[in-house]
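Following: one structure in structure tokens, then a few remarks.
What follows draws every value from the coordinates through simple rules; no lab data is involved. Note that the coordinates shown come from a computational prediction; the quantities given were computed from them, not determined experimentally. Because the Cβ atoms are built from the backbone with ideal geometry, glycine has one as well, and the counts that use them run over all protein chains shown.
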């Protein structure tokens, strides 16, 4: 790879055989020189479950590396961590989505489905009709606006204070004596410690921390304790993408447990999964610490079982690796990764401290990127492998309700794109890997079901043929796991008799906002307070002020925008990152709609167009994360992460903002990843 | 222990560094800048260095005895639990009451049945014990000997449950025997060795000087029907009276008195509040706000009476019947709640030769002694340092800066968290030198205070940033509505930070202001958005649907485009979908498309 006269990277076509020979020999040479863990795989939650499974297997027995993780760490991992700890099993929604149609009260904590998941919104209609939609969001988002006109109530906590707010709502429920004591005694443990922790968060104290009026905290609590049947607690990225994201979700689950919601019909807790295959991609070994079936890689019995399915000695399966954000800090550094294969993930845009990630990719000795478009990450690669997209391959995905859905091939991929399963099989052969690597998705799925058998996410009674044979509307043509010989129809509602822990109980854990001693105990890598003050943006052209940055999505775009920024109508509707500012803030900065805003945090800088917006609080600025180059908001995000889930702090980041100084005439454009000017450009 | 020249002996305070109040080193407050950082003059630096060198460093496995088991003690213990679990610290908690720490802030609400007993407990005994904390309840500390580092404890007769029973037994520690105790079984008195003591003894209610009332703070019990509403027994008593719709008379027009009267009136219908000055809360509110509050109290069923009380009248059985006033009047009632302020429980510290003024005097690192062996946190402590460069403390001495009002929990919790973090930093670094983080900075000399009325229908907050006052505020905003009894005023420094503010009956504006003060965040520009948060005006009618409205969000199809498609011949939803891509995604817009079709059909046929 070289660069052209404009500094743009130059790529030249290469035959598949040569490409795979090159990749295998480079990976092998680097691993030979620097150890097996010098090569790694970064996966994605957009892959089909078959490919996510195969990638985990490929890492462990073909590359023999522990270094595999995926972009779901930036998405659902906090909810997964909390659900595993408290409920014993992580299935995003342990009940069918349609159950919400009979709900009268839904607490939606940190989710904006009107923009991010429009089909979901119809399921909120009955809660709105009953005046019971409670939306927690620092912004008056389109979803928060659904609470207007008697639909419910919008609580707007300061960014990063969701945990205190949830404790406050829980406090009122307990003070009112509205807890379901019979259920707690029968189905949970640890309630005494939870009660003690919550006792310190009465509404007036919560008000001082969150900015949410005590009266609104009480109103929300009273709505939630109206009647158990028909009450749901749902969390989203807003609650989860924090350094205390796992604690925040645990607080939400505790709240639900105190009301007796989970594990019963017509009520429950769930999380709204953020990516297409967010659930399936996290269940079968793509995570650093897991093996298929949601098994722990440290569990000897799990290793034994999976090794038998793979036809290998359990000894050769490496131990746990390191989670995504941390993994990306080891790029090209001594003792870190020297070779990386990125699959369906655009880390240059989506990872925290994105500018440093880009530098890290350039330090690697060898970078391979598989994608179906020329992503910003692919521009850094030594080798780009074009792969099919969703309608061009067979497979399955598992949706937010744990429902396993078939994805069918309706057309051949264009050009020379090749299926990842074929790529892995070819590479495995070149690497003399043990075991088999089928190129047939149905066969891989069949193997996956055996590997998952007996695990938490048990797919053992599923097959492509079986799924294809189901008739009727979507909800009856798919199955919710676990699907086993004992439960061949699947499990629409989990935990009805017992939770996922060995004793069958839900294990409530006391959580509280971290105090200084606790933060010190966890260390600076997990301490929001360890991030330095944001500097004045280097290109500030006017007065600057400090704000709290929170990030999120737009309706028009998906994830890093690799796909949607190529769709002309979407790009026309939302062509650039717009920083939402309260009018009083805009007035003080001397900016108006469309002006260029400069932002800086302790780790980086970014730019965006101003959008003056009364729906945002004056202490907050919102930016979407779909954009690249200087508009990459994740360049402002540090690598401080949740100690359990490895989730970065995406939702409460101190930044300084100012009107951007006009660029001097003739000066080169702002530094950033090269622009992709041709929206139709693809690899094929 | 080299630099002890300025210490006159155990129990003495630093002598040479302390200047008389209002001494010659006082600076003009304006020179002290915005004042968040203490001005570090040379004297100040030398003072700090002396203090640090006089301290006895921590060792691994030291025994910390926490005296008190209230919410502040609980916060401290919760925060040092990881150290206890790892054997880096031994902790014994001595609680005088037979209960685990409970939330005194909510005792008043418990008294009227607004909150459940269970929601009061702020610490979990099982969690503490599992971590290895020695918890002794019903244990009264009689003496603290700082020379031999012993503490003398009287354990109440074994009671049921979590009380004395198992506490009388010594917890055998295989340690250096630092906690070996001698006991006099017959009297229930035992001794305990310690390396450090954290005093969190809280405050007791002040008893007013009234005929018929024993003035001794720890003296005989109050007459039946008279309570200070401090502990759970008091609360149960009040609960019984208001449940029978008995009449409660509250003496004292501070925040706690107002809350008690409101709580009683909420359940019983009415209550009487006896206060001095023109209106309740007259000392913290401007006359205008106080008048509006009084009107709201009246509406809530609280009769306010400005008077001086002189006597408690009792019936032949000794039970309360009426409060007699200096003006000759008398207010009959079933219960008298004394809400005349609190005073620090500092007797133990005083007996040990520690300096006590309004409370146990501690510096900004919460040390009560020079060696750093005794600390005080919460209501029993008074922060007043002798640093000649510490402007706030100089102002406090001179009476120019008000100390935060007593009886609030937030400052105590901040202290507990700070002390735990300070000890944790030192002890963890001992266990693992890689964790050395350098000295923990002292607590800020300025602390914001938030005085928040907890009542069902009256939202009132008085905020004070604690910043030293230098000249007139740079900005004042004021909104008052006499008819609706609403009030909002705020004063700002020129950097936009709130100096103080009062909000009555504007709960959401109040929440924003409170959170801004707590976060130390400036508020600038047009602030009328604060008023809009609580506005009850009707929302404007939504504009009539227009061609630019997006109907299909997934494909971004507007009403205009759909109408064009219909006009162009699309007569079914399928045809519209084929023409516009509308409804190819989530399907949510299907009903709207159908409605549009029907509407278009109707208009075409007419």
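Among beta bridges from DSSP that stay inside segment B:207-339, the antiparallel ones total about 30%.
Label sites at residue B:575 and residue B:278, each approximated as a point 7 angstrom past Cα along Cα to Cβ, lie 7.8 nm apart.
The mean number of Cβ atoms from other chains found within 10 Å of a Cβ in peptide A:555-561 is 1, as a whole number.
Between the alpha-carbon centres of segment B:273-344 and segment A:227-293 there is a gap of 52 Å.
Its Cα gyration tensor gives segment A:527-660 an equivalent ellipsoid, and the semi-axes of that ellipsoid, as √(5λ) in whole Å with the largest first, are 21, 20, 13.
How many partner chain Cβ atoms sit within 10 Å of a residue's Cβ in peptide B:501-512, on average, as a whole number?
4
Based only on Cα atoms, what Rg/Rh ratio does segment B:50-108 have, Rh being taken as Kirkwood's radius? Mind showing how you got there, number by number?
Details: Rg = 14.3 Å, Rh = 13.1 Å.
We get a ratio of 1.09 for segment B:50-108.
Can you pull the mean other chain C-beta count within 10 Å for peptide B:518-524?
That works out to 5 on average.
Working ranking of peptides A:35-48, B:233-246 by packing, defined as the average number of other Cβ atoms within 10 Å per residue, highest first, is A:35-48, B:233-246.
Which of rounded, prolate or oblate describes the protein assembly as shown when judged by the alpha-carbon gyration tensor and an a/c cut-off of 1.5? Here the protein assembly as shown falls in the prolate category.
Ordering of B:387-397, B:251-261 by packing is B:251-261, B:387-397, highest average first (other Cβ atoms within 10 Å, averaged per residue). Can you bin segment A:117-200 into rounded, prolate or oblate? Criterion: square roots of the alpha carbon gyration tensor eigenvalues sorted a ≥ b ≥ c, rounded for a/c under 1.5, prolate for a/b above b/c, oblate for the rest. Verdict is prolate for segment A:117-200. Note on residue B:313/residue B:206: beta-carbon distance plugged into 1/(1 + (r/R0)^6) with R0 of 25 Å gives a FRET efficiency of 0.75. From helices alone, chain A scores -8000 deg cm²/dmol at 222 nm; the rule is -39500 (n - 2.57) for each run of n ≥ 4 DSSP H residues, then divide by the residue total.
Given the protein assembly as shown, what percent of its DSSP beta bridges are antiparallel, to the nearest 5? Kindly include the intermediate steps, with their values, before the conclusion.
Numbers: 81 of 164 bridges.
Expressed as a percentage, antiparallel bridges in the protein assembly as shown total about 50.
Using mean Cβ contacts within 10 Å as the protection proxy, how do A:577-589, B:193-205 order, highest first?
Top to bottom by mean Cβ count within 10 Å: B:193-205, A:577-589.
For residue A:22 and residue A:485, a Förster radius of 56 Å and the Cβ-Cβ distance give a FRET efficiency of 0.80, rounded to the nearest 0.05. Between residue A:502 and residue A:422, the distance separating the two model label sites (each 7 Å from Cα on the Cα→Cβ line) works out to 4.7 nm. All C-alpha to C-alpha distances of segment B:459-532, sorted into 10 Å bins beginning at zero, yield P(r) values of 20, 58, 21, 2 percent in whole numbers. Per the Kirkwood formula applied to alpha carbons, segment A:88-145 shows a radius of gyration over Rh ratio, Rg over Rh, of 0.97.
Maximal additional length on extending the residue B:535-residue B:430 stretch stands at 32.2 nm, based on 0.36 nm per residue less the C-alpha distance.
Which of rounded, prolate or oblate describes segment B:207-339 when judged by the alpha-carbon gyration tensor and an a/c cut-off of 1.5?
Because a/c hits 1.5 or more and a/b exceeds b/c, segment B:207-339 counts as prolate.
A viscosity of 1.306 mPa s and a temperature of 10 °C, combined with the Kirkwood radius over C-alpha pairs in the Stokes-Einstein formula, give segment A:392-506 a diffusion coefficient of 99 µm²/s. Model label points for residue B:408 and residue B:358, set 7 angstrom from Cα along the Cα-to-Cβ axis, are 1.2 nm apart. Counting only DSSP beta bridges with both residues in chain A, the antiparallel share comes to about 40 percent.
Ellipsoid fit via the Cα gyration tensor, segment B:550-605: semi-axes of 17, 11, 9 Å, each the root of five times an eigenvalue, largest first. Remark on chain A: Rg and Dmax equal 24.4, 74 Å (Cα only). Cα centroids of segment A:391-410 and segment A:92-117: 21 Å apart.
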